[in-house]
Amino acid sequence: MTESLDKPTVLIVDDLPDGIQVLNQILADEYRVLFATNGQTALTITREQKPQVILLDVMMPDMDGYQVCRELKANPETRNIPIIFITGKDQDEDEEMGFRIGAADYLTKPVRPTTVRVRVKNQLQLRRSEELILRQALYDGLTGLPNRSLAMDRLRYAILQEQREYTKTGLLFIDLDNFKTINDTLGHDAGDQVLVDAAKRLRQCIRKGDTVARLGGDEFVIILPRLKQVNDSIPVAEQILRSFTQPMPIAGMDYVISTSIGIAISPDDSNDYKQLLVNADTAMYQSKNAGRNNYHLFNEKMNQHVNRRMQMETHLHGALERGELLIYYQPIVDVLSNQVIGAEALLRWNSPQLGWVSPEAFIDIAEQTGLIGPIGAFVLEQGCRQFWNLRRADGRLLSLAVNVSPQQFRREDLTQQVKKVLQMTGMQPGNLKLEVTEGLLLGNQDCIKDALQTLHEMNIRLSMDDFGTGYSSLSYLRNFAFDLVKIDRSFIKEITQRPDDEALVTAAIAMAHGLGLEVIAEGVETQEQMALLTSKACDQIQGYLFAEPMPFDNFVTWLKEKESL
Ligand SMILES: Nc1nc2c(ncn2[C@@H]2O[C@@H]3COP(=O)(O)O[C@H]4[C@@H](O)[C@H](n5cnc6c(=O)[nH]c(N)nc65)O[C@@H]4COP(=O)(O)O[C@H]3[C@H]2O)c(=O)[nH]1
């Protein structure tokens, strides 16, 4: 029995027992032989038993061999089984017809045993090579999982089927968190181990009939056909997250590698397989942004966000060269003297395609694309040049504040850049103030500490921006050479209504003063806020109460008007 199962299976289809008998005698020794005496039975047996070769008679009552062949070729599951016609029809046009509808070979009766044996063997060999090639083309060599192309084929098929059955198809997009770090630090072998282990875990999280595939890199998808409702996809996502909480033994150590998952459902989110993949990917990014190790279901809002972001990224390239980036200036006022003592340079982007884009939206993109290097250099240089010209005319202006992104510290030689700008513009270091965010100091990296120290020694003033919003800690202020702290506008906004905010601002001012630092409050819009901050001994104020950020020429005019009051 086992022996016969090991043999390749051949299906003989003929309405005449004699015909079957002849072929059976020729093939029974080498093959497991199945029979069908009509077309319908042939189709059923083929679907269920998946023979490797079919020997098919043409002339049969009800359904003839041509019709059987057409039906088998139309079904993706039986399409690739080679069919050899064996028939009494010996005209050229009969043979032509047979090949046209997909036959692999054509023999006319009466048949010679050797010919039958050789032709069947040929087809089996061809099929084996074809399968091998197909395997390489459709499966991922490392994990053995279906690759992108097979996954997309299955997804297309699942969506077609769902339309017939009124069900849904779930698509999970899975990305391993921090895979790149493992690959870069432990090497590619370790990276491969992670991928193989991840593939194994994912396989264990699915039912029969679902597909796990590797798209490439550390990206996997799971296709869940025949879902009744959107939420049916959630248990799978939860199971995956749970499964990855178990550490992976890699290169002699245990690592926990979490996953970020995005889910999109057809037809709800799209019934186009390519769009569904894009949507699942978008939802996956949402999971990454939300801190990784979680899942998100796609929603249309995410797409708008992504589209807008992609547009920004496209148009930000070259924006500087096209003169679309401008510097606006916002005055800073000294509380005691009520005089304008400086300004902050704030970047503006006037894009012909997108209109005015807030720096809060595009600085992040500039940082991720590396464009922050040239853009930051531009703000520094043009800011210093314009400010220094103005300062020559108006000696009251003490300082220009320029925002510096952490990326500029990490990627560029910021101290050299600053030195060059000071030389080129004639600006004195004591008149330049660099604003950095607290995030910069996270991790306590030596290179950043050194850069801050060098800038301090150059007599440049350093201000800690957005104080109170993030990782503020007294030790940062002690360890790094800051001169000022800037209290974030979110605390100023409701300072007159919210006792908590008032308490925080009071404490921050006391603490900064205790360390010999000055305090500036940003986002001051009302007289009441101003009065409260004055009563707390805040040193400087910036906000719409005095002026909104404005182009350089307007700032010059504004200063003149203020002087003449
Ligand atoms: N509601 C309200 N807002 C006020 C008021 N007064 C000032 N603001 C706004 O508060 C922000 C202050 O800048 P920031 O905290 O450094 O926050 C800046 C800064 O982090 C970043 N940014 C701006 N320019 C640059 C730049 O040249 N380089 C870098 N790296 N970042 C920049 O973008 C952020 C946002 O800049 P803007 O949109 O110009 O927003 C500015 C300013 O327009 C007020 O009274 N009420």
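What the table below lists for this structure:
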read-out: Which listed residue is without any contact (Cβ under 8 Å) to a residue 60 or more places away in the chain and in contact with a helix residue (DSSP H, G or I) (Cβ under 6 Å, 6 or more places away or on another chain), from Thr496, Thr506; value: Thr496
read-out: Unique residue being in the same structural domain as Gln386 (by TED's automatic domain parsing), within 16 Å of the ligand (Cβ to nearest atom) and surrounded by fewer than 20 Cβ atoms within 10 Å (Cβ to Cβ) when the list is Gln542, Gln527, Gln453; value: Gln527
read-out: Answer from Gly262, Gly318 - the residue that is at positive phi and not in a helix (DSSP H, G or I); value: Gly318
read-out: Subset tally (residues that are within 8 Å of the ligand (Cβ to nearest atom) and part of a strand (DSSP E or B)) for the range 344-374; value: 5
read-out: From Val402, Val340, residue being modelled with pLDDT under 95, touching a strand residue (DSSP E or B) at 6+ places or on another chain (Cβ under 7 Å) and aliphatic (A, V, I, L, M); value: Val340
read-out: Cβ-Cβ under 6 Å pairs, at least 6 apart or on other chains, the range 226-245 side farther than 23 Å from Tyr157 by Cβ, far side surrounded by fewer than 14 Cβ atoms within 10 Å (Cβ to Cβ) and among the acidic types (Asp, Glu); value: none
read-out: Qualifying position, being part of a loop (DSSP other than H, G, I, E, B) and of a type outside the set (Asp, Glu), among Ala531, Ala481; value: Ala481
read-out: Hits in the range 530-539 (condition: more than 15 Å from the ligand (Cβ to nearest atom) and either more than 20 Å from Ser337 (Cβ to Cβ) or touching a residue at least 24 places away in the same chain (Cβ under 8 Å) (or both)); value: Thr534, Lys536, Ala537, Asp539
read-out: Subset of the range 413-431 (residues that are within 38 Å of the chain's Cα centre (by Cα), more than 12 Å from the ligand (Cβ to nearest atom) and not hydroxyl-bearing (Ser, Thr, Tyr)); value: Asp413, Gln416, Gln417, Val418, Val421
read-out: Matching residues in the range 4-26 - criterion: being out of contact with any helix residue (DSSP H, G or I) (no Cβ under 7 Å at 6 or more places or on another chain) and closer than 26 Å to Gln67 by Cα; value: Asp15, Leu16, Pro17, Asp18, Gly19, Ile20, Gln21, Val22, Asn24
read-out: Candidates Leu380, Leu398, Leu432 - the one that is in contact with a helix residue (DSSP H, G or I) (Cβ under 6 Å, 6 or more places away or on another chain) and either among the hydroxyl-bearing types (Ser, Thr, Tyr) or within 20 Å of Ser463 (Cβ to Cβ) (or both); value: Leu380
read-out: Residue in the range 376-409 that is farthest from the ligand (Cβ to nearest atom), counting only those that are part of a loop (DSSP other than H, G, I, E, B) and surrounded by fewer than 18 Cβ atoms within 10 Å (Cβ to Cβ); value: Gly395
read-out: Close pairs (6 angstrom Cβ cut-off, 6 or more residues apart or separate chains): farther than 24 Å from Glu438 by Cβ in the range 391-407, within 12 Å of the ligand (Cβ to nearest atom) anywhere; value: none
read-out: Residue within the range 280-290 that is under 17 Å from Asp177 (Cβ atoms), charged (D, E, K, R) and in the same structural domain as Gln193 (by TED's automatic domain parsing) present; value: yes
read-out: Any hit, the range 496-519, residues being within 13 Å of the ligand (Cβ to nearest atom) and within 42 Å of the chain's Cα centre (by Cα); value: no
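Residues checked against (1) more than 28 Å from the chain's Cα centre (by Cα); (2) not aliphatic (A, V, I, L, M):
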residue: Ile86; (1), (2): yes, no
residue: Leu132; (1), (2): yes, no
residue: Arg154; (1), (2): no, yes
residue: Leu160; (1), (2): no, no
residue: Ile174; (1), (2): no, no
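The values are calculated or read from the model by the stated rules, or taken from the named source; none is laboratory data. The shown structure was predicted, so the numbers you read here are calculated from the model rather than taken from an experiment. Positions of Cβ are generated from backbone atoms using ideal geometry, with glycine treated the same way; all protein chains shown enter the neighbour counts.
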